[in-house]
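Each remark here refers to the structure printed beneath this line.
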Amino acid sequence: MRKLFCTLLLCSAIAATSTAQTSLEKSTSYTENSPEVEELIEKGIAFYDEGKYKAAVEQYKEALKKDARSPEANYELALAYFALKDIPSTIFYSDAVIKMRIAEPELRAQAHVSKGNALDVSGKQDKAVKEYLKATKLAPRHYLPYYNIGLSHYNQKNYSEAEQNLVKALQLRPAHSSSHLLLSYTKQAQKQRVQSMLALYNFLLLEPNTERAATAYTKLRQMQQEGVSKSAGNNINVMLSASKPDDKAFSAAEMMVSLNEASNSIEVREGKTPEQLFYENTASFFNILGELRKEKEDFWWSYYVEFFHEMALDNNVEAFSHYISQRNSPASANWLAEHPEQVEQLAGWCRNYKR
């Protein structure tokens, strides 16, 4: 069975899209297939991974001729049909797995997710969410059903429900980059700039060098510059958001983001590079939030703020800033190549940090 891997601190991180995701990480063995059936399934998976979905379907159907009750062959067939945008067949083979008592609970959970995805793209979001919820009951420690629930709610502009489920997904799998990215979009839709930036910083740490990383970095820089403008005579104007963050401390942090950005125009004239300014503003942002935290223990403070404040205290923000900028900044890519010890220090810190 395919697994979803998220590897921290790899410059060639594999891109994933903000679309419904289907594979749950395998933690238990499923029902035994005969060697012949297993070989056909593996061939189908190889074709699937190459994007040859019709060839994959042929292999899975051959497997079903040998054993029509193979949960794995039925499940893989559902995935292949979903890739081919054959929604009725996706639902049919997902249901086949769901109804099999011999199928392991986690595989049945995956089948509920694949059926939910099919319903989701058919515009039946309410029914899709019901399938994802069934998956959470069968596999409560897996994060992807919660991500898919969050995505479905986000698409319906139910941002509070989207946030709740994305938070749950991240508590189960902190290294799931898509959940960080979608949570950032969710908070941006709610006009919560600081929280959106925090989630975006974490996404870029996990996925710094992909197409969507380039978009995310541009969005992060735009959020840093939000509300800051120049007028005649090089006067700097700062306009604070009229929205009220859920937490007053985040309101103070938002003001500091704008003030830091306003000071950049002066520092640029003093010869500082954009990369140096980005690093200094990022470090200032993390330190300010750490000072504002005090006794706060809710998700945003204990999960994101504590993480980035500890990073700042351990002097890893400079490497971090260049690391997440590498897709957009040749200067940052050069800095990484010239400072391998600091990059390794950051990598070691991330590996050892426990959320």
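Give the range 319-335 a look and list any residue that's surrounded by 19 or more Cβ atoms within 10 Å (Cβ to Cβ), of a type outside the set (G, A, S) and in a helix (DSSP H, G or I), or say none.
Result: F320, H322, Y323, I324, W335.
Please state which of the following conditions K115 fails to meet, knowing it meets all the rest: (1) out of contact with any helix residue (DSSP H, G or I) (no Cβ under 6 Å at 6 or more places or on another chain); (2) crowded, with 24+ Cβ neighbours inside 10 Å; (3) of a type in the set (K, R).
Failed condition: (1).
Determine, yes or no, whether N315 is modelled with pLDDT of 95 or more, within 18 Å of E275 (Cβ to Cβ), touching a helix residue (DSSP H, G or I) at 6+ places or on another chain (Cβ under 6 Å) and not in a helix (DSSP H, G or I).
No, not satisfied.
If the requirement is being part of a loop (DSSP other than H, G, I, E, B), assigned by TED's automatic domain parsing to the domain that holds E254 and surrounded by fewer than 18 Cβ atoms within 10 Å (Cβ to Cβ), which of these qualifies: E297, E310?
E297
Restricting attention to the range 187-227, which residues are closer than 16 Å to S251 by Cα and β-branched (V, I, T)?
Once the filter is applied, which keeps residues that are closer than 16 Å to S251 by Cα and β-branched (V, I, T), the range 187-227 yields only V194.
Can you tell me which residue among Y154, Y159, Y143, Y185 is buried (at least 24 other Cβ atoms within 10 Å of the Cβ) and farther than 19 Å from F308 by Cα?
On inspection, the qualifying residue turns out to be Y143.
How many of the residues making up the range 104-149 are free of Cβ contacts under 8 Å to residues at least 24 places away in the same chain, closer than 16 Å to T90 by Cβ and not in a helix (DSSP H, G or I)?
The number of residues fulfilling the criteria is 2.
Table: residues versus (1) modelled with pLDDT of 95 or more; (2) buried (at least 19 other Cβ atoms within 10 Å of the Cβ).
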position	(1), (2)
G44	yes, yes
K65	yes, no
R69	no, no
N74	yes, yes
L77	yes, yes
P88	yes, no
V97	yes, yes
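On the given criteria, is N165 in a helix (DSSP H, G or I), farther than 30 Å from W301 by Cα and either aromatic (F, W, Y) or within 19 Å of the chain's Cα centre (by Cα) (or both)?
Criteria not met by N165.
All but one of (1) at pLDDT below 65; (2) surrounded by fewer than 19 Cβ atoms within 10 Å (Cβ to Cβ); (3) touching a helix residue (DSSP H, G or I) at 6+ places or on another chain (Cβ under 8 Å) hold for P245, so report the exception by its number.
The failed condition is (2).
Listed here are the residues, each with its yes/no results for (1) among the hydrophobic types (A, V, I, L, M, F, W, C); (2) modelled with pLDDT of 95 or more; (3) within 23 Å of A249 (Cα to Cα).
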| position | (1), (2), (3) |
| --- | --- |
| F285 | yes, no, yes |
| E295 | no, no, yes |
| F308 | yes, yes, yes |
| A331 | yes, yes, no |
| W335 | yes, yes, no |
| H339 | no, yes, no |
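Using beta carbons and a limit of 8 Å, which pairs, at least six apart or on different chains, have the first residue in the range 84-98 and on the phi < 0 side of the Ramachandran plot and touching a residue at least 12 places away in the same chain (Cβ under 8 Å) and the second one basic (K, R) and crowded, with 21+ Cβ neighbours inside 10 Å?
Matching pairs, first to second residue: T90/K115; I91/K115; S94/K115; D95/K115; V97/R108; I98/R108; I98/K115.
So for the range 46-56 (the condition being within 24 Å of Q156 (Cβ to Cβ), more than 24 Å from the chain's Cα centre (by Cα) and either at pLDDT 95 or above or surrounded by 21 or more Cβ atoms within 10 Å (Cβ to Cβ) (or both)), does at least one residue qualify?
no
Check off (1) small (G, A, S); (2) assigned to a loop (DSSP other than H, G, I, E, B); (3) farther than 16 Å from I324 by Cα for A175 and give me the number that stays unchecked.
A175 satisfies all of (1) small (G, A, S); (2) assigned to a loop (DSSP other than H, G, I, E, B); (3) farther than 16 Å from I324 by Cα except (3).
The values are calculated or read from the model by the stated rules, or taken from the named source; none is laboratory data. Just so it is clear, the structure is predicted and the values come from calculations on it, not from any experiment. Heads up, the Cβs are rebuilt from the backbone with ideal geometry, glycines too, and the neighbour counts pull from every protein chain shown.
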